[in-house]
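Taken together, the values in this text are just the output of simple stated rules run on the coordinates, not laboratory data. Source: prediction; values computed, not measured. Using ideal geometry, Cβ is built from the backbone for each residue, glycine included, and neighbour counts are taken over all protein chains shown.
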Amino acid sequence: MKYKELIHVVEIKSPLTGELIGTVDFTKEEELPFIMTNAKESHKLWSSISLKERLEFMTRLRKYLVEMGNELSREIAKITGKPVIEAYSAEIMATVEAIKYYEKNAEKIIGLQKKSTPIYFATKKSYVEYRPIGPVLVISPWNFPFNLAMAPIISALIAGNSVILKPSPETIFIGKIVERIFKSLDFPKDVVQVVYGDNGSGLASKLIDMKPAKIFFTGSTATGKKILKQAAEYMIPVELELGGKDPMIVFKDANLERAASAAIWGGFTNSGQVCLSVERLYVQEEIYEEFLSLLKGKLGEIWQGNEPYADMGCMTSLSQISKVKDHIEDAKVKGAVSHSKGSIIDGNRFVPPTILIGADHDMKVMKEETFGPVLPLMKFKDEDEAIALANDSEYGLGAYVFTSDSNKASRVASKLESGVIGINDVIIPVANMDLPFGGVKASGMGRYHGEEGLKIFTNQVAIVYDSGVKSKEINWFPYSKNKMKLMEKMLKLLHK
Ligand code: NAD
């Protein structure tokens with residue numbers, strides 16, 4: 001089915017250079033029913049082909065990304081303002097890893113699985129079948145716009161579903177790249193469709209009203225709550241990958257050189273626009289001054305600019321810059337001292353990396369997600385205080401512990417309320433596809449990556465097979481005293 005009419009054409013400019021990247025036709029509301037119908041039709045076809053064949057499409061996709069990775073990361077860098085090397089590692093390489101992982105493991109994860117059957121049911125066999133569910137609505141953010149669209153798309157497709165992608169308006173041109181890739185690799189028509197609109201258009205919300213089989217949302221907690229509420233009306237299953245306020249704890253026995261480099265990279269990579277960014281830095285009081293001087297030294301070495309291999313590029317979203325500014329101002333008013341490579345200039349997206357010395361939990365920068373290049377620093381006395389401070393947050397996405405004492409690392413980590421933990425490392429768990437990824441508390445619900453990342457896009461059907469030879473089962477009617485005695489005997493024999 002075809003229906004296309006322009007509502008308006010938007011020019012997309014690079015936040016990095018201001019150059020024109022291209023144009024995007026906004027999707028018209030009247031197109032949405034056709035898009036949903038197409039998604040349902042393409043799902044019928046796509047789900048009817050074998051997992052093996054679907055994986056062959058994925059192999060083509062992986063090879064394409066490897067071949068075209070350099071060019072694609074340059075395009076992504078222009079769209080987002082991030083350095084090319086970050087686009088290459090976090091957007092392209094991460095997507096390739098995801099495909100490779102599922103090429104290797106999908107059959108094991110969602111192929112028909114034989115399960116054990118209790119001894120009472122000796123004549124039966126048990127299985128789990130992982131069935132495709134239908135059109136999946138993927139709503140993606142702007143900070144890693146390619147990977148955070150592609151990762152759920154890939155998983156949903158491998159599981160046999162069609163996808164409608166609603167990319168963030170901030171990096172909307174990513175949708176064009178996604179469309180181009182699937183088209184050029186001859187994926188079946190409409191198995192991946194993209195809708196384009198600004199937040200005011202409410203396209204995602206209108207699509208939810210059309211009852212997709214599943215919603216995979218990555219974005220802010222505020223939007224996540226709205227989606228959850230709307231999806232509840234229709235009982236649509238939802239995965240919510242939301243914001244974070246990740247703490248990093250540095251104990252006095254840590255490798256301070258490594259911890260300081262990790263804090264600087266973890267706080268400032270992608271200009272701090274990472275859900276797993278180090279957003280709160282807690283340092284044990286005995287090493288506070290020494291650690292601060294290491295941080296200052298490393299901050300001074302950061303190269304920020306629009307050159308492809310600069311350490312930091314610019315921020316993607318102008319509205320995010322106002323938030324960063326507000327958090328810095330609020331912290332300063334409340335007594336923090338700012339140490340920065342420069343100041344924020346109105347209209348300029350190059351926000352200099354900033355350390356806030358002497359932060360405390362009355363400041364917005366320690367409570368709300370900043371999502372910018374700001375590293376607030378606070379002292380702690382001992383293990384208990386560090387854990388209490390780290391857990392004093394509505395969020396629970398990532399948390400990091402730096403110490404050379406492995407017992408202490410495990411002890412502290414086990415008490416941190418988060419979905420992702422790095423010991424003597426930051427951000428990295430998200431890059432291991434064999435690990436589940438997701439948060440607790442206001443950081444979301446559900447997991448993706450790993451086994452869960454495929455299973456969430458399936459209907460897990462429990463099947464018991466009986467040969468049908470016996471005329472009845474012991475637990476069926478009629479009941480009797482003797483039957484009760486027999487059951488009692490069996491239970492005691494098997495489970496005493
Ligand atoms: P956002 O919530 O503003 O937008 C995310 C997406 O939702 C966009 O596509 C947007 O257009 C859409 N949207 C907005 N309002 C909507 C509504 N009412 N109904 C349906 N869709 C709607 O988030 P953002 O600013 O694009 O992304 C940054 C946030 O994402 C940060 O909080 C960050 O921590 C989080 N994030 C989380 C993860 C994770 O894996 N947990 C990863 C990356 C980013």
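The table below gives the values:
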quantity: Residues Asp384, Asp425 arranged by fewest to most Cβ contacts within 10 Å; calculated: Asp384, Asp425
quantity: Nonlocal amide H pairs with Gly22, under 5 Å, H built at 1.01 Å; calculated: Ile12
quantity: Residues whose placed amide H lies under 5 Å from that of Ser168, excluding near-sequence neighbours; calculated: Ser140
quantity: Cross-link pairs Lys183/Lys211; Lys108/Lys455; Lys125/Lys472; Lys13/Lys189 - those with Cα-Cα distance over 23 Å; calculated: Lys183/Lys211; Lys13/Lys189
quantity: Cα long-axis angle, helix 406-415 against the chain (0 to 90 degrees, to the nearest 10); calculated: 70 degrees
quantity: Rounded to 10°, Cα long-axis angle of helix 147-158 versus longest principal axis of the chain; calculated: 10 degrees
quantity: Mean Cβ count within 10 Å, highest first, over the residues of peptides 141-153, 311-323; calculated: 141-153, 311-323
quantity: 0 to 90° range, to nearest 10: angle between helix 94-110 axis and the chain longest Cα axis; calculated: 20 degrees
quantity: Rg ratio (alpha-carbon, reference 2.2 N^0.38 Å) - the chain; calculated: 1.10
quantity: Among beta bridges that DSSP assigns inside the chain, antiparallel share in %, nearest 5; calculated: 45 percent
quantity: J(HN,Hα) series, the range 461-471, from Karplus relation 6.51 cos²θ - 1.76 cosθ + 1.60, nearest Hz, glycine and proline x; calculated: 9, 8, 10, 10, 10, 10, 5, x, 7, 5, 7
quantity: Whole-Hz ³J(HN,Hα) from phi, Karplus 6.51 cos²θ - 1.76 cosθ + 1.60, for the range 479-494, glycine and proline x; calculated: 8, 7, 5, 5, 5, 4, 4, 4, 5, 4, 4, 4, 4, 5, 5, 7
quantity: Other-chain or far-sequence residues with amide H under 5 Å of Phe350's (modelled H); calculated: Met315
quantity: Trypsin sites (Lys or Arg not before Pro) within the range 153-226, DSSP loop, no more than 16 other Cβ atoms inside 10 Å; calculated: Lys189
quantity: Low-density loop cleavage sites - chymotrypsin sites (Phe, Trp or Tyr not before Pro) in the range 387-496, where at most 11 other Cβ are within 10 Å (DSSP); calculated: Trp476, Tyr479
quantity: Calculated FRET efficiency for the pair Asp425/Ile12, C-beta based, R₀ 45 Å, to 0.05; calculated: 0.80
quantity: DSSP-loop chymotrypsin sites (Phe, Trp or Tyr not before Pro) across the range 276-362, with at most 12 other Cβ within 10 angstrom; calculated: Trp303, Tyr309
quantity: Pairs from Lys225/Lys252; Lys40/Lys226; Lys341/Lys415 whose Cα-Cα separation, in the structure shown, is over 30 Å; calculated: Lys225/Lys252; Lys341/Lys415
quantity: Using θ = phi - 60° and Karplus 6.51 cos²θ - 1.76 cosθ + 1.60, couplings along the range 288-300 (whole Hz; Gly, Pro as x); calculated: 3, 5, 4, 5, 4, 5, 5, 4, 4, x, 6, 4, x
quantity: Of all DSSP beta bridges in the range 344-496, antiparallel share, percent nearest 5; calculated: 25 percent
quantity: Proxy reagent accessibility, fewest Cβ within 10 Å first, across Met484, Met210, Met490; calculated: Met484, Met490, Met210
quantity: Residues Thr95, Thr221, Thr354, sorted so that the one with the fewest Cβ neighbours within 10 Å comes first; calculated: Thr221, Thr95, Thr354
quantity: Cα lying deepest toward the dipole's positive end in the range 202-306, options Gly266, Leu240, Gln284, charges on Cβ; calculated: Leu240
quantity: Over the chain: helical MRE at 222 nm, DSSP H runs n ≥ 4 each giving -39500 (n - 2.57), nearest 500; calculated: -12500 deg cm²/dmol
